[in-house]
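The values are calculated or read from the model by the stated rules, or taken from the named source; none is laboratory data. Quantities reported herein were computed from a predicted structural model and do not represent experimental measurements. Heads up, the Cβs are rebuilt from the backbone with ideal geometry, glycines too, and the neighbour counts pull from every protein chain shown. What goes into the accessible areas is simple: the full protein's heavy atoms, side chains included, and nothing from ligands, DNA or RNA. Shrake-Rupley method; radii C 1.70, N 1.55, O 1.52, S 1.80 Å.
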Amino acid sequence: MKAVRYGMIGGGQGAFIGGVHRTAAAIAGNWQLVAGAFSSTPEKSRASGAQIGVAADRTYGSWVEMLEREKALPDDQRIEVVAIVTPNHMHAPPAIAALEAGFDVIIDKPLADTLANAQAIADAAARTGRKIAVTHTYTGYPLVKQARAMVASGELGAIRRVMVKYTQDWLSRPDDLIGNKQAEWRVDPARSGEAGAFGDIGTHAANLVEFITGERITAICAELAMLPGRRIDDDGAALFRLSGGGRGTLTASQICVGDANDLAISVYGEQASLHWRQEQPNSLTVGRRDQPTQTWHAGANRAYLPAALQAIQRTPGGHPEGYLEAFANIYAAFGRSIRGIASEDGEPGFATMADAIAGMTFIRASLDSSSKGAVWVDLSTII
């Protein structure tokens, strides 16, 4: 297929996730970065563009300038998609403007800083008819997709319980905020939005639950906390209920000393259970009461995996693929969607607006529950 031309907003010098998006798009192979407004500071944006290798005349001083000038270019030259990799408070304005300018959008999670701004993005997508994808990275792992397929097939039976945790330690010390650009905006409610850890990584955990089980979280009882001197949650845990009747627990913390990036999920059904851990992403364990425990392994040459999963892996078994490749699978799927190419398994391959709004509703409900003393909150009541 012809590569999708895209422009990036944010992701300049000193940023983390912008480089991840660019690398993922390059691995996907069906994307081409041709423009960007890489910083809110024009000089930094131009320096970043030069460092990345974007032409000077397509490196812009602001995202407003990028949208205006790119829209004026001939159809076969201008960008087709805008990738938004800014702090959360700067998701909604450029996303809505890009959609209304006729560009599709791929945007980092969470969708926005507030539920209201997230809904405004969703409304703009519906109004304009443009495509939009949200990068919930962990759904791009082949064995996470296999876990989803196993649940959907009925192999586990009705889901009874889910346990998911996403724990990190990079904000566990008071001085972790000093000179750390990534930490500074994440602990600032004006830029991060309504939630801290529960917005940053709790949404990943909740999304993973819903993706694998195929069910929505319908109610939550959460307690969020923060270290002294912090203004936004950096630790929390919750009970939740699923639409199919199952129950679960979710922990999201950035102050758990010794845990670098420990996202792990266990799903228990009537007949079997499955267990996946992001730090060992190429293995999926399946447990049964009266049979030996199975371990599934990822790999492009694993004949027992469905063809659709073999197709999104780039190396034989035993050659680990991880975070960047999972991210690339999301870009590749969105690129195919833009070109009108159907997926082999019938799945979109990226988080949809419904998924993203569900994540934002999860955040709002968690905050409401915690602020009222860890009471149960029905997500259907969140507006």
**OP:** Note down the relative contact order for the chain as a percent, whole number, built from C-alpha pairs under 8 angstrom at least six residues apart.
**Re:** 19 percent
**OP:** For every helix of n ≥ 4 consecutive DSSP H residues, a contribution of -39,500 (n - 2.57) applies; sum these over the chain, divide by its total residues, and give [θ] at 222 nm rounded to the nearest 500 deg cm²/dmol.
**Re:** -10000 deg cm²/dmol
**OP:** Would you kindly state how much longer the chain becomes between residue 41 and residue 62 on full extension, computed as 0.36 nm times their sequence separation minus their alpha carbon distance, in nm to one decimal?
**Re:** 6.8 nm
Original post:
Where the centroid of each part is defined by its Cα atoms, how far is segment 104-127 from segment 211-261 in Å?
Top reply: 22 Å
Original post:
Say each of residue 32 and residue 116 gets a label point 7 Å from the Cα, pointing the same way as Cα to Cβ; how far apart are those two points in nm?
Top reply: 4.2 nm
Subject >> Size descriptor, Kirkwood hydrodynamic radius, that averages inverse alpha-carbon separations across segment 31-79, Å >> reply: 10.7 Å
Original post:
Taking chymotrypsin sites (Phe, Trp or Tyr not before Pro) as exposed when DSSP calls them loop (any state but H, G, I, E, B) and at most 13 other Cβ atoms lie within 10 Å, what is the longest stretch of the chain free of them, the sites themselves excluded?
Top reply: 17-303
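In whole percent, what relative contact order does segment 102-227 give with Cα contacts below 8 Å and a gap of six or more residues?
Reported as a whole number, the value is 30 percent.
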Original post:
Which FRET efficiency value, to the nearest 0.05, do you get for residue 375 and residue 280 by plugging their Cβ-Cβ distance into 1/(1 + (r/R0)^6) with R0 = 45 Å?
Top reply: 0.80
Subject >> Hz values of 3J(HN,Hα) by residue in segment 161-172 - Karplus curve (6.51, -1.76, 1.60), Gly and Pro given as x >> reply: 8, 10, 10, 9, 9, 9, 10, 9, 10, 6, 10, 7
Original post:
Once the Cβ-Cβ distance between residue 304 and residue 152 is put in as r, and R0 is 22 Å, what FRET efficiency do you end up with, to the nearest 0.05?
Top reply: 0.80
Original post:
So what J values fall out for segment 190-207 if you push phi through Karplus, 6.51 cos²θ - 1.76 cosθ + 1.60 with θ = phi - 60°, rounded to Hz, Gly and Pro as x?
Top reply: 5, 10, 6, x, 5, 10, x, 4, 5, x, 6, 10, x, 5, 4, 4, 5, 4
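Under a Cβ-only charge scheme (Lys and Arg +1, Asp and Glu -1), can you give me the dipole magnitude of the chain about the Cα centre, in debye to the nearest 20? It would help to have the intermediate numbers written out before the result.
Values: 36 positive and 40 negative charges, 98 e Å.
Dipole size: approximately 460 debye.
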**OP:** Return the single residue from 273, 39, 243 with maximal mean-square fluctuation; model: Gaussian network over the chain, springs between Cα atoms under 10 Å.
**Re:** 243
**OP:** Pull out a ≥ b ≥ c, the square roots of the eigenvalues of the alpha-carbon gyration tensor of segment 1-141, then state rounded if a/c is under 1.5, prolate if not and a/b is larger than b/c, and oblate in the remaining case.
**Re:** rounded
Original post:
Which of 29, 117, 6 sits farthest toward the positive end of the charge dipole of segment 1-119, with +1 on the Cβ of Lys and Arg and -1 on the Cβ of Asp and Glu?
Top reply: 29
**OP:** Towards the positive end of the charge dipole of segment 151-220, with charges on Cβ (+1 Lys, Arg; -1 Asp, Glu), say which of 177, 193, 156 has the farthest Cα.
**Re:** 156
Original post:
With the contact rule set at Cα under 8 Å and sequence spacing of 6 or more, what percent relative contact order holds for segment 251-339?
Top reply: 15 percent
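What's the local net charge at residue 86, with K and R +1, D and E -1, over the other residues with C-beta under 12 Å away? Present the calculation step by step, with values, prior to reporting the outcome.
On the way: positive: 191; negative: 108, 113.
Neighbourhood net charge equals -1.
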**OP:** May I ask you to evaluate 6.51 cos²θ - 1.76 cosθ + 1.60, the Karplus curve with θ = phi - 60°, for each residue of segment 5-18 and list the ³J(HN,Hα) values in order in whole Hz, giving x for glycine and proline?
**Re:** 7, 9, x, 10, 10, x, x, x, 4, x, 8, 9, 6, x
Original post:
When all protein chains stay in place, what accessible area (Å², nearest 10, 1.4 Å probe) is found for residue 324?
Top reply: 60 Å²
Subject >> Prolate/oblate/rounded call for segment 136-272, Cα gyration tensor, a/c under 1.5 rounded >> reply: prolate
Original post:
Which residue fluctuates the most in the chain, going by a Gaussian network model with Cα springs under 10 Å, if the choices are 347, 321, 215?
Top reply: 347
